[in-house]
Amino acid sequence: MNIVDLRRDTITLPTPAMVDAAFKATLGDSVYGEDPNQVHLEKIAAEILGKEASIFVPSGTMGNLVALLTHTNQGDELICEENAHIRLSETGGGAMVGGLMFRGIEDHSGVPDVSAVESAIRADDIHYPRTSLICTEITHYRYGGIIPPLEKIEALYSFAQKKGIPVHCDGARLFNAAVALNKEVGDLTCYADSVMVSLSKGLGAPIGSILAGSCGFIERAKRYRKMLGGGMRQTGWLAVCGIISLQKENIQLLREDHQNANYLAQGISHLPGIKIDFNQIQTNFILVDISGTKISGKLFIEKLKEKGVLVTLAKPKLIRMVTSRVVNKQNIDYAIETIGKVL
């Protein structure tokens, strides 16, 4: 049976070049700064992201948590979009480990208006926590991989600078945004003081993310990385995969994922009871509303799974599908045919 996995782009497998290079890589103790490939990865990642320095971390969740701990103090509050991944899907690490409060502002564009953020900033009063950080998310996971309007992100960063509040960008899929906008990723990271990007999603590295910022920020962040268990010692096998993942030709492969997402959406949009907002299909995510059908979301994904098509239930009647390079056009044709049969 065909297996077409549309659950997440985290299933993306390393490229043959990564596999070939990994076990030939020179190794060293990365905690001592002696793994040559991790040193090189952190150097080129900082350059690509337009920051002074960067560190390699095992996961995006750790990268975001390290950023929160570095920017804030216990008892502080941060502001983010209500449905931000950093608030909803990272197991409350900021609260548990950092003692932080999260102030969410709902905005379906993916980033709150400056006026809403300004209203949410706490007054300088002994009764209130200190607002010490603003977080953005590019692309926005919960809203279907959309790219928040850059003019709003720019305006928010300009406002934050005037207020003396740092901005951290959860850029797990920032490269998807850059490719979709035909921009360099540095054109997006300039609106944040720190940024986390994942190497292990559509870019195909097996493990790892990058946290980048100023030299001072990264030096402080290294202590929290160690505290959270991110000192991985001989990292060369992983780091060399990260180096290959950041090559321009590899990044540009994301464009095909975006095209396949649109192709899949076009293929199922005409089916009875299916509703898709094509304005939301900006990268490799598709949100499929099946409320017009007589089938429940849970039964829908179960029936698809029986036929080898794996998708995610985002809400009771909302299905999320994500394309990646391990899903080709033939796979998508099979998925379109199968979805039609199930309905």
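The values are calculated or read from the model by the stated rules, or taken from the named source; none is laboratory data. None of these values were measured; they are calculated from a predicted model. Virtual Cβ from ideal backbone geometry, glycine too; neighbours counted across all protein chains shown.
Within the range 37-49, is even one residue part of a loop (DSSP other than H, G, I, E, B), surrounded by fewer than 19 Cβ atoms within 10 Å (Cβ to Cβ) and not β-branched (V, I, T)? Spell out the reasoning first.
Within the range 37-49, the subset part of a loop (DSSP other than H, G, I, E, B) is none.
Among the residues of the range 37-49, not one is part of a loop (DSSP other than H, G, I, E, B), surrounded by fewer than 19 Cβ atoms within 10 Å (Cβ to Cβ) and not β-branched (V, I, T), which makes the answer no.
Residues of the range 116-161 being among the hydroxyl-bearing types (S, T, Y) and either in a strand (DSSP E or B) or surrounded by 15 or more Cβ atoms within 10 Å (Cβ to Cβ) (or both), which ones? Steps first, answer last, please.
Start the filter on the range 116-161 by keeping residues that are among the hydroxyl-bearing types (S, T, Y), which leaves 119, 128, 131-132, 136, 139, 141, 143, 157-158.
Hits for the range 116-161 are T131, S132, T136, T139, Y141, Y143, Y157.
Between T283, T312, which is closer than 20 Å to T139 by Cβ, in contact (Cβ under 8 Å) with a residue 40 or more places away in the chain and surrounded by fewer than 16 Cβ atoms within 10 Å (Cβ to Cβ)?
On the way: T283 fails: surrounded by fewer than 16 Cβ atoms within 10 Å (Cβ to Cβ).
Testing whether each residue is closer than 20 Å to T139 by Cβ, in contact (Cβ under 8 Å) with a residue 40 or more places away in the chain and surrounded by fewer than 16 Cβ atoms within 10 Å (Cβ to Cβ) leaves just T312.
Go through (1) modelled with pLDDT under 95; (2) crowded, with 16+ Cβ neighbours inside 10 Å one by one and return the number of the condition H85 breaks.
(1)
May I ask you to list pairs of residues, at least six apart or on different chains, whose Cβ atoms are under 9 Å apart, with the first in the range 206-231 being outside the structural domain of R325 (by TED's automatic domain parsing) and without any contact (Cβ under 8 Å) to a residue 60 or more places away in the chain and the second being in a loop (DSSP other than H, G, I, E, B) and surrounded by fewer than 15 Cβ atoms within 10 Å (Cβ to Cβ)?
G216/E52
For the range 220-250, how many residues are in a helix (DSSP H, G or I) and under 15 Å from P206 (Cα atoms)? Write out each step before concluding.
Here is the first cut: in the range 220-250, the residues in a helix (DSSP H, G or I) are 220-227, 236-245, 248-250.
Then drop every residue that is not under 15 Å from P206 (Cα atoms), which leaves 236-245, 250.
The qualifying residues number 11.
Filter the range 317-327 down to residues that are at pLDDT 95 or above, surrounded by fewer than 17 Cβ atoms within 10 Å (Cβ to Cβ) and either part of a loop (DSSP other than H, G, I, E, B) or among the small types (G, A, S) (or both), then give me how many there are.
0
Inspect the range 60-69 for any residue being at pLDDT 95 or above, part of a loop (DSSP other than H, G, I, E, B), in the same structural domain as R223 (by TED's automatic domain parsing) and on the phi < 0 side of the Ramachandran plot and give the result as yes or no.
Applying the first criterion (at pLDDT 95 or above) to the range 60-69 yields 60-69.
From what's left, part of a loop (DSSP other than H, G, I, E, B): none.
No - not one qualifying residue is present in the range 60-69.
Residue under question is E256, and the condition is that it be surrounded by fewer than 14 Cβ atoms within 10 Å (Cβ to Cβ), at pLDDT 95 or above, at negative phi and of a type outside the set (G, A, S); does it hold?
Working: surrounded by fewer than 14 Cβ atoms within 10 Å (Cβ to Cβ): no; at pLDDT 95 or above: yes; at negative phi: yes; of a type outside the set (G, A, S): yes.
So E256 does not fit the description; no.
Just checking, how many residues over the range 88-115 are in contact (Cβ under 8 Å) with a residue 24 or more places away in the chain and not in a strand (DSSP E or B)?
Here is the first cut: in the range 88-115, the ones in contact (Cβ under 8 Å) with a residue 24 or more places away in the chain are 88-91, 93-94, 97-114.
Pick out the ones that are also not in a strand (DSSP E or B) and you get 88-91, 93-94, 97-100, 106-114.
Residues that pass the stated criteria total 19.
For residues that are in a loop (DSSP other than H, G, I, E, B) and β-branched (V, I, T), scanning just the range 286-297, find the one that is surrounded by the fewest Cβ atoms within 10 Å (Cβ to Cβ). If you could, list the steps in order and put the result at the bottom.
Restricting attention to the range 286-297, the residues satisfying the condition of being in a loop (DSSP other than H, G, I, E, B) are 290-296.
Imposing the further condition that a residue be β-branched (V, I, T) reduces the set to 290, 293, 295.
Details: I290: 20, T293: 17, I295: 15.
Only one residue fits best here, namely I295.
Scan (1) among the aliphatic types (A, V, I, L, M); (2) closer than 23 Å to F175 by Cα; (3) surrounded by 24 or more Cβ atoms within 10 Å (Cβ to Cβ) for the single condition I79 breaks and write down its number.
Condition (2) is where I79 drops out.
Would a scan of the range 209-219 turn up a residue that is assigned to a helix (DSSP H, G or I) and more than 16 Å from V66 (Cβ to Cβ)? Before you say what the answer is, go through the steps one by one.
Restricting attention to the range 209-219, the residues satisfying the condition of being assigned to a helix (DSSP H, G or I) are 215-219.
Narrowing further to those that are more than 16 Å from V66 (Cβ to Cβ): none.
So far as the range 209-219 goes, no, none of its residues is assigned to a helix (DSSP H, G or I) and more than 16 Å from V66 (Cβ to Cβ).
Can you say whether D170 is without any contact (Cβ under 8 Å) to a residue 40 or more places away in the chain and of a type in the set (D, E, K, R), as far as the supplied structure shows?
Values: without any contact (Cβ under 8 Å) to a residue 40 or more places away in the chain: no; of a type in the set (D, E, K, R): yes.
Taking the combined requirement at face value, the residue does not satisfy it.
Any idea how many residues of the range 291-309 are in contact (Cβ under 8 Å) with a residue 40 or more places away in the chain and on the phi < 0 side of the Ramachandran plot?
Taking the range 291-309 first, the residues in contact (Cβ under 8 Å) with a residue 40 or more places away in the chain are 293, 295, 300, 307-309.
Now narrow it down to the ones that are on the phi < 0 side of the Ramachandran plot: 293, 295, 300, 307, 309.
Going through the range 291-309 one residue at a time, the tally reaches 5.
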